[in-house]
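Heads up: the structure comes next, in structure tokens.
Taken together, the values in this text are just the output of simple stated rules run on the coordinates, not laboratory data. Because the structure is a prediction, the values reported are computed rather than measured. Note that each Cβ is placed from the backbone with ideal geometry, even for glycine, and that neighbours are counted across all protein chains shown.
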């Protein structure tokens with residue numbers, strides 16, 4: 001049981017580190033969007049705003065999971081996994097757009 005707690009803690013720390021990294025990437029995207037031409041700027045700013053919403057949602061789910069601790073239900077854990085998968089897809093897509 002203690003080993004499971006350690007694994008869960010490591011997983012939470014890994015997820016938190018990834019969120020921080022994506023937050024930094026988001027600021028880079030925001031700077032690039034600011035330098036874009038008007039039409040592209042609007043599109044890129046919308047992309048940044050959507051990513052910010054997804055980051056906030058993932059952070060909220062992660063906080064819920066942390067507060068729940070050992071008592072976290074399978075449904076809550078699944079919610080975190082779903083939010084994480086959606087956020088990763090969105091970031092992969094945005095990264096391709098901002099590099100292109």
- Alpha carbon centroid spacing (whole Å) that separates the range 47-100 from the range 12-27: 10 Å
- Item | residue 37/residue 92 FRET efficiency (R0 22 Å; Cβ-Cβ; nearest 0.05) | 0.35
- Query: Can you tell which of 67, 30, 52 shows the greatest fluctuation in a Gaussian network model of the chain with Cα springs below 10 Å?
  - Reply: 67
- Item | Pairwise FRET efficiency - residue 78 versus residue 50, Cβ, R0 = 22 Å, nearest 0.05 | 0.45
- Query: Where in the range 53-82 does the label zone of residue 5 land, with the point 7 angstrom along Cα→C-beta and an amide N cut-off under 16 Å?
  - Reply: 66-72
- Query: Given the rule -39500 (n - 2.57) for each run of at least 4 DSSP H residues, summed and divided by the residues of the chain, what is its mean residue ellipticity at 222 nm, to the nearest 500 deg cm²/dmol?
  - Reply: -33000 deg cm²/dmol
- For the range 44-96, shape from the Cα gyration tensor axes a ≥ b ≥ c, cut at a/c of 1.5 then a/b versus b/c, turns out prolate
- Acute angle (nearest 10 degrees) that the helix 74-99 long axis makes with the longest principal axis of the chain, alpha-carbon atoms: 20 degrees
- Note on the structure: Quick calc of log₁₀ I(q)/I(0), the range 5-100, Debye, one scatterer on every Cα, no solvent, q values 0.23 1/Å, result -1.11
